[in-house]
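The block underneath contains the structure these notes are about, expressed in structure tokens.
Since every read-out is calculated from the coordinates, none of them should be taken as a lab result. The structure displayed is predicted, hence computed values, not measured ones. All Cβ positions, glycine included, derive from the backbone under ideal geometry; neighbour counts span all protein chains shown.
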Amino acid sequence: MDRPRLRDNQGREPFELYPIGIIPDEYIYNIGKHFAYYYAVGKSDITGNEWGDIFAAAIGGNHLKRPVGIADVLYGNQCWSSKTIKYKNPHKIRKIRVISGRCSPDYSYGITNPHTDVQRTGTAVLSIYNERINIAMNSYSSIRSVILVRNFNTFEFTLFEYDTHRYVTSEYEWRVNTGGNLEGFEKSTDKHYFTWQPHGAQFSIIYDVPSSSTKFVVKLPEPLDFEKTLQQVGFDKSWVTLM
């Protein structure tokens, strides 16, 4: 369904490259092509930063080396937060924990001991994350999280998106687990949504993998031959200069 026309949304033109979660086949093929290339040149896996490069190239967008808030991939006035995790069976995964970044209550709020008041610390962590979303929303009309679950040994992948939104801090209760980390639970359902680690200030969000996620497999290519590749690019001894 098209976006409704409203009197008060003038000057903020909405843009949607494609409906959320319905990633066009063309982009999936582009992603698979990049995976095949990375493997052929000897990469046994990819980093999160490389996943951002690949997704941006697949949709014809730009990958920022320094995110705007949480946004690191751009197309027009739409943005994405690109994340990836490794998993043995990407097609069977139902729930994942994704590192969203670092949230420091000490730096942002002066909370030096996070365990003194766990609820205050958890609220501070969510407030920091919400502010990063605010920063992105100041510049872009749409924010999504695009998440890749990968296994570069079997070349199996699961890809899905979520609409990225702020969280109402009062709706979550924070508890300390046996490892000393803080976990955020939705009060109404007692569902575990967040984990925050005091050591390193790492903040993670727990996602349900939607049934509508895109599952695909890429054929494993043969690695490029070392000598033939050098011949192809015209390499010779003159390329090396002894200083």
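Arranged from fewest to most other beta-carbon atoms within 10 Å of their beta carbon, T169, T158, T189 become T189, T169, T158. Only one residue of F35, Y193, A58 has its Cα farthest out toward the positive end of the dipole of the chain, where Lys and Arg carry +1 and Asp and Glu -1 on Cβ, and that residue is Y193. Taking other residues whose beta carbon is less than 14 angstrom from the beta carbon of S211, and scoring Lys, Arg as +1 and Asp, Glu as -1, yields +2. Other residues lying with their Cβ under 14 Å from the Cβ of G101 contribute a combined charge of +3, Lys and Arg counting +1, Asp and Glu -1. Sorted fewest first by neighbouring Cβ atoms within 10 angstrom, M243, M137 come out as M243, M137. In this structure the amide hydrogen of V73, modeled in the peptide plane, comes within under 5 Å of the amide hydrogens of L64, W80, S82, none closer than 5 places in sequence on its chain. Net charge dipole, the chain: roughly 200 debye, given to the nearest 20, about the Cα centre with Cβ charges of +1 for Lys and Arg and -1 for Asp and Glu. Centroid-to-centroid, using Cα positions, the range 111-167 and the range 216-233 are 36 Å apart. The mean sequence separation of alpha-carbon pairs under 8 Å and at least six residues apart, normalised by the residue count of the chain, gives a relative contact order of 22 percent. Computed extension length for N113-N49: 19.8 nm, one decimal, from 0.36 nm per residue of separation with the Cα-Cα distance subtracted.
What fraction of the Cα pairs in the chain, stated in percent, has a spacing above 21 angstrom? Walk me through the numbers before you get to the answer.
Numbers: 19047 of 29403 pairs.
Result for the distance tail: 65 percent.
Taken about its Cα centre, the range 154-243 carries a charge dipole of roughly 120 debye when the Cβ of each Lys and Arg holds +1 and the Cβ of each Asp and Glu holds -1.
The fraction of all Cα pairs in the range 29-92 landing in successive 5 Å bins from 0 to the largest distance is 4, 17, 25, 24, 17, 10, 3, 0, given as whole percents.
Residue farthest toward the positive end of the dipole of the range 75-171, with Cβ of Lys/Arg at +1 and Asp/Glu at -1: which of Y162, G110, Q78? Final value for the positive-end residue is Y162. Put +1 on the Cβ of every Lys and Arg and -1 on every Asp and Glu Cβ in the chain; which of N153, T214, G69 then has its Cα farthest towards the positive end of the dipole? Farthest towards the positive end: N153.
In order along the range 150-160, phi translates into HN-Hα couplings of 10, 9, 7, 7, 9, 6, 9, 9, 10, 10, 8 Hz, rounded to whole numbers, per the Karplus curve 6.51 cos²θ - 1.76 cosθ + 1.60 with θ = phi - 60° and x for Gly and Pro. Can you compute the FRET efficiency between I22 and M243 using 1/(1 + (r/R0)^6), with r the Cβ-Cβ distance and R0 = 51 Å? Round to the nearest 0.05. Working from the Cβ atoms, E equals 0.40.
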